[in-house]
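Read the structure below first, then the notes.
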Amino acid sequence: MLSLILTPLVAGAQNGVLINELQAANRKTHVATDGGTPDWVELFNPTNVAVDLAGMRFAVVGRTHVIQAPLTIGAGEHSLIWFDGAPDRGTDHAGFTLPRKGGTLLLIAADGLTVQDVFTYPAMAGDLSVGRLSDGSKAWSFFSEATPGKPNRGDIAVHGRTATPTIDTAFAGSGDLVVLPLIADEGATIRYTTDGTEPTALNGHTYAGPLTIDHDLVVRARAFVEGHLPSKEFCSTYHLGDAPQVGITIAMDQAGLSDDSIGINVEGALANFSRRGRTWERLAMVKFNGTEDAPIPIGISIHGSGSRGLAKRSFKLHARDRYDSPVKGLRLNETEFFQEGILRADAGAHTFLRNRFMEVIATKHHLHVDVQPSRPMPLYLNGQYWGLYRWMPPKDEQWLERISGSEAVDVLEGPAAVVRSGSDAHFKPAVERLMALAPLDTLARYFDLDNLIDLACLDLYTGRADHDLNVRLYRPRQHGGRWRWVMFDMDLWAPAEENGVERMASGTAAETPYIPQLLQQPELQQKLLARMTALIATALSPAEAASLADSLFASHSAAMQADHERWRNEMERPDPSASYADLRGFTQQRPAHVMQDIAARTGRKLKIITVEVPSTEVGVLKIEGLTLSPGVHEVMAFNGVPIQFNFGEGVGQELAGWKGTNEAGATIKIEPSNLRVLRPLVRPSLP
């Protein structure tokens, strides 16, 4: 059976301007000078006189656009209206885009009442157009080759799509080689490729029988029947060994990746890897290994800024209408889907381990920073292993709206706080107040201070050299919305012994995370130092951090080594074991250095407090909201900076008091200079 597409209805007066052809998912039929691919409607004037379109309007799914200025279409001529949502670009540009899912488009006369023409069209695939079989005729057809601004000269009306080829499960192969048997509708011709290119009526091989696969490759296939549209694409990557159960597999035209003139990943004089915009997206098919999901069509482009200059580059995947991508987008995990996703190409084990370390620290301990969730996974590109990547959502409006629960967000980027979405009107007065060291309650109306302080603590701990460059902040666009920062690219650390505190605190410009201001404003300094004390005692303690470094290396050492071998001849990088040793050494040395450097900068003395923590069955002890593990801790704190402790009783237990202080209650706040030893005194609760 052929899979049919809903039949559109063409009707309307034949004595005036008509809707002749339209395209609601332009992919490459027409590329504008700015790289955009706008939807379009072609009008045709079947009369013997020129017609001024001024005052006529288009209406579809509740939206209307009026042609505001003179726009003449000559007798027997065509006129294109670009539905790009940018009417300021000219009279021939409409104020909205055409719905790809289909709709009824009305052309209304200048009197605002008379329906000049009406055209109902179905859901549209990329680069497919629909219109009258010939100019002005009542018969309609789909066109796999659109003709914007040119005559429609269809010979056979096309009203349906051929079914997609499938694997013949009844075929019984033999031997050790992979055999691929394909089937399609009776009378259909299957054309396939094995070089990553898109199969078309002119490109590829005609399928004559089961394919024997004796090397790693990608098979892409379509079925063709005269009088019907080509089928959707069958796509599968084959490996002589076991097929990968994890990671992402991408198939694309190899020329689109590496051809000198059109390839997106080209070195040399053309440096195509540096190109940006939709012109430098390429059609690809992506498969999420280990899931039941079939390969889906997407766009792919090179992603990132400084990392573009490295041999191993990041990719961005785009789920767009013009690629016929699924409406729900790209799978991040079992429950989350996004319209775009990033395959982050960490330069090596050094970068991978540091970024993963900070991501896990932030998420495991529920710190007040937003960090893109990532999934380490191998990438296979056109059948070839491409290395270890991290799959994550971009830090854009869609993700920020989701994590904030807001319908809209203001988003700013970089040290200059360039507007990416919304407005910076709320941010400018906020920074002015921060620079003026305004009172805490004033600043709290503008900023999520817990978020800013946690980001500052993590930047001070790592001594991050590019803290002022990797900046992304946002606020819910609503009353009471406050600015928060996203933590990302946490791989450029200073040496463990470097005084990064002095470097960051000496800045003169207003730059994230505002270390000079946090240390100069008395209330903010207290909050910052108390939080750093807690982090060094818990999440960033030498024992906790070393345990995490060990766990990360054990989990990913094989994947990091495979990536190292893949790029060994193209990038100079330390061996993964050396990167692991460097990370582990840093975690042991850095806490003492950073605390001493903060003490020197603020003029506060460090005090060591012995904190005795009972087993979790007895209860949970927290310092500044962070959980201390059972055992004895030597906590470094700052004199003059009160620290809050909280004890949560276990089942059948009750808090009788505290050893080392006369404070009472489950939550206490103690100034370190008055404290040497602290332990919650717990006893069984009476029935």
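The values are calculated or read from the model by the stated rules, or taken from the named source; none is laboratory data. A quick note: this is a predicted structure, and the numbers were derived from the prediction, not measured. Counting neighbours? That spans all protein chains shown, and the Cβs are built from the backbone with ideal geometry, glycine included.
Of the residues that make up the range 353-375, is at least one of a type in the set (Ser, Thr, Tyr), crowded, with 18+ Cβ neighbours inside 10 Å and part of a loop (DSSP other than H, G, I, E, B)?
Checking the range 353-375: at least one residue is of a type in the set (Ser, Thr, Tyr), crowded, with 18+ Cβ neighbours inside 10 Å and part of a loop (DSSP other than H, G, I, E, B).
For ILE668, are the conditions met, namely being of a type in the set (Val, Ile, Thr) and within 20 Å of ALA496 (Cβ to Cβ)?
Against the criterion (of a type in the set (Val, Ile, Thr) and within 20 Å of ALA496 (Cβ to Cβ)), ILE668 does not qualify.
Please list, ordered by first then second residue, the pairs with beta carbon atoms under 6 Å, 6 or more apart or interchain, first in the range 407-424 and not assigned by TED's automatic domain parsing to the domain that holds TRP485, second crowded, with 18+ Cβ neighbours inside 10 Å and among the hydroxyl-bearing types (Ser, Thr, Tyr).
VAL409/TYR474; VAL411/TYR474
Of the residues THR249, THR237, THR193, which is crowded, with 22+ Cβ neighbours inside 10 Å, hydroxyl-bearing (Ser, Thr, Tyr) and in contact with a Gly (Cβ under 6 Å, 6 or more places away or on another chain)?
Answer to the selection: THR237.
Please go through the range 666-681 and give me each residue that is more than 20 Å from PRO630 (Cα to Cα) and either of a type outside the set (Lys, Arg) or touching a residue at least 40 places away in the same chain (Cβ under 8 Å) (or both), ordered by number.
Across the range 666-681, the qualifying residues are ILE670, GLU671, PRO672, SER673, ASN674.
Exactly one of (1) farther than 15 Å from LEU540 by Cβ; (2) touching a residue at least 12 places away in the same chain (Cβ under 8 Å) is unmet by GLY603. Its number?
(2)
Only one of these is under 30 Å from TRP280 (Cα atoms) and polar (S, T, N, Q): THR47, THR72, THR33, THR104. Name it.
THR33
Taking the range 220-239, which residues are modelled with pLDDT of 85 or more and touching a Phe, Trp or Tyr at 6+ places or on another chain (Cβ under 6 Å)?
ALA221, PRO230
Of all residues being assigned to a loop (DSSP other than H, G, I, E, B) and closer than 14 Å to ARG100 by Cβ in the range 30-55, which is modelled with the lowest pLDDT? Just the residue, please.
That would be THR37.
Just for the range 99-109: of the residues that are assigned to a loop (DSSP other than H, G, I, E, B) and at pLDDT below 90, which one is surrounded by the fewest Cβ atoms within 10 Å (Cβ to Cβ)?
LYS101
Among ARG679, ARG601, which is at pLDDT 95 or above and either within 30 Å of GLY348 (Cα to Cα) or in a helix (DSSP H, G or I) (or both)?
Being at pLDDT 95 or above and either within 30 Å of GLY348 (Cα to Cα) or in a helix (DSSP H, G or I) (or both) holds for just one of ARG679, ARG601, which is ARG601.
Residue by residue, here is whether (1) crowded, with 18+ Cβ neighbours inside 10 Å; (2) assigned by TED's automatic domain parsing to the domain that holds ASN152; (3) not β-branched (Val, Ile, Thr) holds:
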residue: PHE44; (1), (2), (3): yes, yes, yes
residue: VAL61; (1), (2), (3): no, yes, no
residue: GLN68; (1), (2), (3): no, yes, yes
residue: THR72; (1), (2), (3): no, yes, no
residue: GLY85; (1), (2), (3): no, yes, yes
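Suppose we filter the range 495-523 for residues that are of a type outside the set (Val, Ile, Thr), within 34 Å of the chain's Cα centre (by Cα), closer than 23 Å to ARG354 by Cα and in a helix (DSSP H, G or I); how many remain?
So the answer is 3.
Counting only residues that are loosely packed, with under 15 Cβ neighbours inside 10 Å and polar (S, T, N, Q), which one in the range 1-29 is modelled with the highest pLDDT?
Ranking the qualifying residues of the range 1-29, first place goes to ASN15.
Just to be sure I understand the filter: pairs with C-beta atoms under 8 Å, separated by 6 or more residues or on different chains, first member in the range 107-119 and in contact (Cβ under 8 Å) with a residue 24 or more places away in the chain, second member of a type in the set (Lys, Arg). Which pairs pass?
Note: pairs meeting the criteria are LEU107/ARG57; ILE108/ARG57; GLY112/ARG57.
Checking THR291 against (1) out of contact with any His (no Cβ under 8 Å at 6 or more places or on another chain); (2) surrounded by 14 or more Cβ atoms within 10 Å (Cβ to Cβ), which single condition isn't satisfied?
(2)
I'm checking my understanding of the structure. Among residues of the range 357-411 that are within 17 Å of the chain's Cα centre (by Cα) and of a type in the set (Lys, Arg), which one is modelled with the highest pLDDT?
ARG390
Just give me the residues in the range 551-575 being more than 27 Å from the chain's Cα centre (by Cα) and surrounded by 14 or more Cβ atoms within 10 Å (Cβ to Cβ), in sequence order.
PRO574, ASP575
Would you call LEU528 surrounded by 20 or more Cβ atoms within 10 Å (Cβ to Cβ), farther than 16 Å from ARG590 by Cβ and in contact with a Cys (Cβ under 9 Å, 6 or more places away or on another chain)?
So LEU528 fits the description; yes.
Quick one: in the range 649-665, of everything that is exposed (fewer than 14 other Cβ atoms within 10 Å of the Cβ) and not in a strand (DSSP E or B), which residue is farthest from the chain's Cα centre (by Cα)?
ASN662
Would it be correct to say that LYS316 is modelled with pLDDT of 95 or more and within 24 Å of THR587 (Cα to Cα)? Give the derivation first.
Values: modelled with pLDDT of 95 or more: yes; within 24 Å of THR587 (Cα to Cα): no.
The answer is no for LYS316.
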